[in-house]
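The values are calculated or read from the model by the stated rules, or taken from the named source; none is laboratory data. Note that the structure is predicted; figures quoted are calculated from it, not measured. Note: ideal-geometry Cβ built from the backbone for every residue, glycine included; neighbour counts use all protein chains shown. These area figures cover heavy atoms from the full protein model, side chains too; ligands, DNA and RNA do not enter into them. Shrake-Rupley method; radii C 1.70, N 1.55, O 1.52, S 1.80 Å.
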Amino acid sequence: MKMKSWAAISTWSMSYDGLVKAGDVLKQGANAGDAVENLIKEVESYPLYKSVGYGGLPNENGVVQMDAAFMNGDTLAQGSVAAIENVKHAVSVARKLSLNKTNSFLVGEGATKFAMQNGFEMTNMLTERAKAIWQEKVKEQAQSGLHPYDGHDTVGALTLDQAESMAAATSTSGLFMKKEGRIGDSPLSGSGFYADSNIGAAAATGLGEDIMKGCLSYEIVRKMAGGMSPQQACDAALYPFCHDLKQRYGQVGEISLIALNRKGEWGVATNVEFPFCVANEKQKAQILMANPGKNQKTQIEPISQSWLDDYQKQINAPVE
């Protein structure tokens, strides 16, 4: 008997362990929403990832403020939180909010209160490691006027289950040293994520202020609805937009996009070196590398062992 299609794709190497687990449960018949939420939670829990969840780098005031979103591709229900504090799993709060007919996007103190009132795990999200990195960057900024806007790698994930349902989710602590209350694309429908089980899903990572200028996740889904494959849609959404934004705005930040359609086909586009993770019923979980290629087509290849070794050293390097 032919195995039914399932698939998962996620941004950055840090999502690999979560994607492996998502693939295992999708293979066993789990639903797309559970799979994508637990994939994101795996990343949120790991303290050495500086851009998501516990251990995420704080804003300019030393406070970790997180953004997250969840979308049910069957119903188009969405939930989002922004600038939420002291919550272990922001994505789970977002999924809970997606059940609301109204008040499904909460920010700041309101989002944090909702999490507390609904029994979500609360904890101090600022680790000693993240605090030490922040203190060092504050010192560097004071001495040389640097603007250390690094560490803004959103984890985004898309899943397709055997019942042909789809889901999307994102989570991030946002730009490092961001202004208090700054919100990027990650919790914003159509920019950071979008999912429609009748068509497909997409998610974005990179400089949110620029991603929002193109509503790129919805643009990809719209192009897939018009007949493009996920890869064609990603390339067509990203490269002309980057060229246009450079001409009109003068600059364009880092942007990477992932997509998945209801057949389990996937696509990626990026204007920087971008590792991502993918698995489906035909291929086991793996990390692949995407780079901007010629003729506005993304180049994708397996990562090398040396790259993976260097990545692990970087993640685990002690704070000097």
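Tabulated data for the structure shown
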item: Efficiency of FRET from Cβ geometry, residue 272 and residue 144, R₀ 22 Å, rounded to 0.05; result: 0.35
item: Charge dipole of the chain about the Cα centre (unit charges at C-beta), most positive-ward option of 211, 78, 247; result: 78
item: Among 170, 261, 15 the positive-end extreme of the charge dipole of the chain (Cβ point charges); result: 261
item: Rounded, prolate or oblate (a/c below 1.5 giving rounded, otherwise prolate when a/b exceeds b/c) for the stretch 133-269 by Cα gyration tensor; result: prolate
item: C-alpha center-to-center spacing [the stretch 285-320, the stretch 15-40] in angstrom; result: 22 Å
item: Neighbour-limited loop hits for GluC sites (Glu not before Pro), the stretch 73-143 (at most 12 other Cβ within 10 Å; DSSP other than H, G, I, E, B); result: 121
item: Charge sum, other residues only, whose C-beta stays under 14 Å from residue 61's C-beta, Lys/Arg counted +1 and Asp/Glu -1; result: +2
item: Neighbour-limited loop hits for trypsin sites (Lys or Arg not before Pro), the stretch 234-320 (at most 11 other Cβ within 10 Å; DSSP other than H, G, I, E, B); result: 282
item: Between the stretch 184-233 and the stretch 109-142, the alpha-carbon center distance in angstrom; result: 28 Å
item: Shape call, the chain: gyration tensor on alpha carbons, a/c limit 1.5; result: rounded
item: Surface accessible to a 1.4 Å probe, per residue, for the residues of the chain, Å²; result: 45 Å²
item: Accessible area of the stretch 226-320 belonging to carbon and sulfur atoms, whole % at 1.4 Å probe; result: 47 percent
item: Dipole magnitude of the stretch 177-320 about its Cα centre (Cβ charges: Lys, Arg +1; Asp, Glu -1), debye to nearest 20; result: 360 debye
item: Charged-residue dipole, Cβ positions (Lys, Arg, Asp, Glu), the chain about Cα centre, Debye nearest 20; result: 520 debye
item: Theoretical ellipticity at 222 nm over the chain - DSSP helices of four or more residues, -39500 (n - 2.57) apiece, nearest 500; result: -10500 deg cm²/dmol
item: Rounded if a/c under 1.5, otherwise prolate or oblate - the stretch 14-107, Cα gyration tensor axes; result: oblate
item: Estimated distance in nm for a label pair at residue 48 and residue 225, the labels positioned 7 Å out from Cα along Cα-to-Cβ; result: 4.3 nm
item: Average Cα contact separation per residue, the stretch 1-58, under 8 Å, 6 or more apart, as relative contact order %; result: 25 percent
item: At most 11 other Cβ within 10 Å, DSSP loop - trypsin sites (Lys or Arg not before Pro), the stretch 16-119; result: 101
